[in-house]
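Data first, discussion second: the structure below is written as structure tokens.
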Amino acid sequence: MFSAEQSCWFVRKVICWRAVASIAWAVLLLPPITAVFVLLSRFSLLHPIQSVSECMSFLTSASAIFSFILLCGVIIMVGFLNLEYYTVIPTIACSKIALLGQLLHPRQFVNSLAHCIMGIIVAWCCAIAIGGRYETIAYPCTPDDGADSSHQMCLNEHHFILLLTGAFVGLSHSMLGVIYNMNYVPFLTVQQYKYLRFKGSLPSLVKCSATQALYSVRNYIVVYFFLGYIPKAWICKTLNLHLNSSAHPLDSIAGLLDLNLLYQLWVSAGFLLLTWHVTLLLFRIFVTEVYSFPVQSSFTEDAHQCLPKVITGKQPMILKFLALQDLALLAQHSPLRRSEVFSLSQPGGHPHNWNAISKECLSLLNDLTQRLIAYHDTVATNGRAKALPAGSERKTSSETSSTEDLMSPRPTFLMKTPASVFARSIVGASQSPLTAPFTSPDPDSPFASPALRRLTAPADPCSPWFGTVQSPHVMRRLPKLWSTPTDSQVNGSPPASPASVPSPKQEPSKPSLLAQFLQNRKEQVKHFLAKRVLIMYLFNKLPEASSQALFADSQAHIWALEGLTYLVQASFSEDQFGVVQTALPSILGCMLVLQEAVDRHFKLPHASSKPVRSASSLGDSTHKTLRFALRATLKTAIYRITTTFGSHLSAVQMSAEHRKRLQQFLENKE
């Protein structure tokens with residue numbers, strides 16, 4: 001594995017420059033957006049020509065240039081936050097309390113505070129652009145205002161409510177970013193040029209900004225109506241300002257029914273959100289642009305930048321995703337680069353490129369299979385460890401031998417039946433924390449019971465009970481120990497050693513009174529909290545959330561499937577050395593086991609229901625339907641291999657279950 005300095009070359013040389021380019025384009029688009037906002041805020045139906053001339057004169061004034069400089073600084077800061085907080089794997093909260101924890105995270109608090117400050121700056125620039133009664137925060141008091149002296153200053157509540165609108169919209173935008181995963185950077189299925197992608201997304205972007213601004217202003221008016229006196233009193237005390245007693249306060253019904261005020265708040269909020277959404281959209285477009293990695297390099301110092309090395313890396317994730325995307329496009333559209341994948345190393349004649357790529361793709365698919373198995377086992381037991389049935393202690397020696405055969409180490413892809421995957425996890429792959437307690441408990445673990453340690457502890461050869469039968473219960477628990485050598489050879493396991501006979505002297509120790517007391521108290525607290533509606537509302541699992549979180553990174557698995565199967569398809573006519581055909585049994589076995597795991601997952605509740613897409617947010621919802629895309633891609637990938645090789649697959653070594661499942665694809669019955 002290459003060093004951390006080498007793994008950061010992509011972020012330093014590619015991602016940062018792409019982010020800078022997106023910010024530059026956002027700044028270039030700021031003048032026309034600002035001009036449209038000034039026209040909408042100052043336009044008058046009774047005097048259209050005069051309104052246009054006033055807008056033109058304002059755009060060339062010194063105050064407009066200063067406001068534009070501040071807006072450019074805000075755009076740069078928004079672009080920096082996009083670069084800092086973006087992710088290619090969405091964070092999905094499986095409960096209300098988990099979502100609340102994300103909203104109250106210190107990192108999110110800093111993000112929300114920054115958006116509030118930037119919202120106030122943009123709102124101040126909007127107030128300068130609107131002019132009139134919104135331009136300044138204070139004005140000299142008059143005798144009609146109820147002030148004692150004309151030298152005192154009164155609070156301009158219209159300017160103040162506009163500034164608070166910017167802060168509220170910035171805060172709500174930051175919160176909605178967490179709820180709707182707006183920092184998630186999706187990859188398009190169909191590749192488009194940057195200009196066409198931006199042009200196609202612009203109408204929905206404007207509609208989304210206007211809709212979200214309308215909802216934000218509605219919520220803000222409600223909050224200001226009940227709590228507006230608090231910031232108003234604070235600003236008056238801080239700046240030594242007075243309130244105009246002759247005018248209706250804006251935190252009243254009469255004050256908030258001003259249509260011009262509501263319109264200006266909505267237009268200003270829409271302008272703020274539109275500039276931020278444009279910056280985010282440009283960042284997504286530039287960052288997800290296809291990057292072509294070299295398959296092999298003639299210089300050793302550039303080897304860490306080649307596709308076989310990059311694709312095996314873990315961090316940063318954007319680098320791995322772009323490498324898998326390049327692999328899928330390479331395998332489908334580039335015969336010249338495919339030939340480099342199929343080539344042999346010189347000297348030595350080893351297919352290092354193909355081995356590295358295929359190994360990483362199969363590893364990704366195996367990891368997803370293990371996650372699905374662990375999730376299914378957890379759901380099947382309702383989150384608890386599976387209890388042994390009453391008749392499990394009366395198994396015959398042949399049943400025990402077959403179980404031990406399933407647990408014996410063997411290659412991952414040469415399993416006899418895919419059904420055994422759900423009975424025991426694949427040995428040789430990394431054990432999941434959810435499946436480890438159900439498959440092979442560790443007797444040395446501090447969580448192992450005394451009975452388990454007694455069963456697995458070696459017997460003392462000096463004991464008078466050594467080599468004799470102590471209890472019929474031992475035979476029922478470990479019938480393998482008493483099978484004859486002939487039976488052992490038939491079952492495929494070596495003869496049992498008498499040294500593994502457990503000692504019957506030790507009795508299971510009872511828990512102490514303190515442990516029983518604490519356990520009872522724990523159960524009482526859980527029972528008490530389970531009756532509280534608010535607690536259950538916060539801690540209950542959200543529908544579909546667990547399934548969505550399980551497939552949150554499935555875009556990488558989709559590209560791995562496409563890249564692997566397109567390479568296998570092309571190898572039928574392009575692989576001169578036959579490097580792909582040697583791995584064909586492993587590839588088919590891995591994909592068939594994954595397909596059975598996916599089919600089993602879709603039989604669970606909420607797994608097959610498609611979520612409703614929200615049109616009022618810029619948050620991408622493609623991660624909610626990744627499981628459907630993965631299922632379709634997996635089935636298409638298997639069909640791609642069967643239609644290419646056809647009857648030649650009968651010569652591939654695989655188990656009877658796999659062959660029966662593959663025959664369904666050969667006959668187009670899946």
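Of note:
- Among the chymotrypsin sites (Phe, Trp or Tyr not before Pro) in the range 269-367, those located in a DSSP loop and surrounded by at most 13 other Cβ atoms within 10 Å of their own Cβ are 299.
- Taking 91, 625, 279 and ordering them by how much accessible surface each has at a 1.4 Å probe, largest first, produces 91, 625, 279.
- Of the whole protein surface, residue 236 contributes about 20 Å² of accessible area at a 1.4 Å probe radius.
- Note on the range 313-367: with neighbouring protein chains present and a 1.4 Å probe, carbon and sulfur make up 59 percent of its accessible heavy-atom surface.
- Taking only alpha carbon atoms, the range 262-359 gives an Rg to Rh ratio of 1.28, where Rh is the Kirkwood radius.
- Carbon-plus-sulfur accessible fraction, the range 1-143 (probe radius 1.4 Å, protein heavy atoms only): 76%.
- Residue 528-residue 263 pseudo-label distance in nm [points 7 Å out on the Cα-to-Cβ vector]: 5.9
- Between residue 606 and residue 240, full extension at 0.36 nm per residue minus the direct alpha carbon distance yields a gain of 125.9 nm.
- To the nearest 10, the accessible area of residue 648 is 120 Å² with a 1.4 Å probe.
- Modelled FRET efficiency - R0 60 Å, residue 152 with residue 8, Cβ distances, 0.05 increments: 0.55
- With all protein chains in place and ligands, DNA and RNA left out, the 1.4 Å accessible area ranks 367, 553 as 367, 553, largest first.
- Annotation: per residue accessible area for the range 504-605 equals 57 Å², rounded to a whole number [probe 1.4 Å, protein chains only].
- Set 603/624; 13/96; 207/624 screened for pairs whose C-alpha atoms are more than 29 Å apart: 13/96
- Across 45, 272, the residue with the most accessible area heads the list, and the full order at a 1.4 Å probe is 45, 272.
- Accessible solvent surface per residue of the range 73-149, calculated while the other protein chains remain in place, 1.4 angstrom probe, Å²: 48
- Summed over the residues of the range 235-297 and divided among them, the accessible surface reaches 43 Å² per residue at a probe radius of 1.4 Å.
- Paramagnetic label zone (point 7 Å from Cα along Cα-to-C-beta, residue 292; backbone N under 11 Å) in the range 336-352: 336-337
The values are calculated or read from the model by the stated rules, or taken from the named source; none is laboratory data. What you are looking at is a predicted structure, and each value in this text was computed from that prediction instead of being measured. For neighbour counting, all protein chains shown are included, and Cβ atoms are generated from backbone atoms with ideal geometry for every residue, glycine included. SASA here: full protein model, heavy atoms, side chains in, ligands and nucleic acids out. Shrake-Rupley method; radii C 1.70, N 1.55, O 1.52, S 1.80 Å.
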